[in-house]
Amino acid sequence: MLEWIKETFEGKVVTDSRSPAGNWLGFTLERIEKGEAVLDILVRPEMTNPYGNIHGGMMSLVIDEAIGWAVVSMDTEMHYTSLTLNVDFLYALKEGGRLRAESKVMRSGKKIINVECHVYDMDGRILARGSSNLIVTGMAFVD
């Protein structure tokens, strides 16, 4: 499945994944390897707070989406869903700025997967970091 994901999505703007929220983000899946994913996203006006910076909820969505792609890259037989999502907001990014979300599976157990994500601007300044524990749902992937 990872090879299919690479062929279908890598290097392209994702608009037709299984995640409607992710499709709405309009990110580019820059790179995906087993346990890792890198997303590139333009901060659009509808993603900002009243100060013109990326909204905290949008940053959380970016992190959650990047984490999801890292989990999907593991080629598991079952779906996973979030138990926790912890986010630290470290620096603001204005509308029109681009960000890069880099996620990595830290541990993949029998029932729980732990993933970290770091978000940077194009100058390499860290904007946010997040981590999530995801639990197996028991729902199998169906093509």
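The values are calculated or read from the model by the stated rules, or taken from the named source; none is laboratory data. Please read these numbers as outputs of a predicted model, since none were measured by experiment. Positions of Cβ are generated from backbone atoms using ideal geometry, with glycine treated the same way; all protein chains shown enter the neighbour counts.
Annotation: S17 fulfils all but one of (1) crowded, with 18+ Cβ neighbours inside 10 Å; (2) outside any loop (DSSP other than H, G, I, E, B); the unmet one is (2). Apart from one condition, T8 fits all of (1) hydroxyl-bearing (S, T, Y); (2) surrounded by 15 or more Cβ atoms within 10 Å (Cβ to Cβ); (3) more than 21 Å from L93 (Cα to Cα); the exception is (2).
Checking each residue in the range 33-58 for being over 18 Å from W69 (Cβ atoms) and touching a Leu at 6+ places or on another chain (Cβ under 7 Å) picks out V43, N53, I54.
Figure legend. Inter-residue proximity from the range 118-143: first residues of a type in the set (F, W, Y), second residues at pLDDT 95 or above, beta-carbon distance below 7 Å, spacing 6+ or different chains. Indicated pairs: Y120/L99; Y120/R100; Y120/I126; Y120/L127.
Could you tell me whether A66 is buried (at least 20 other Cβ atoms within 10 Å of the Cβ) and either in a loop (DSSP other than H, G, I, E, B) or in contact with a strand residue (DSSP E or B) (Cβ under 7 Å, 6 or more places away or on another chain) (or both)? Here the answer is yes, as A66 does meet what is asked.
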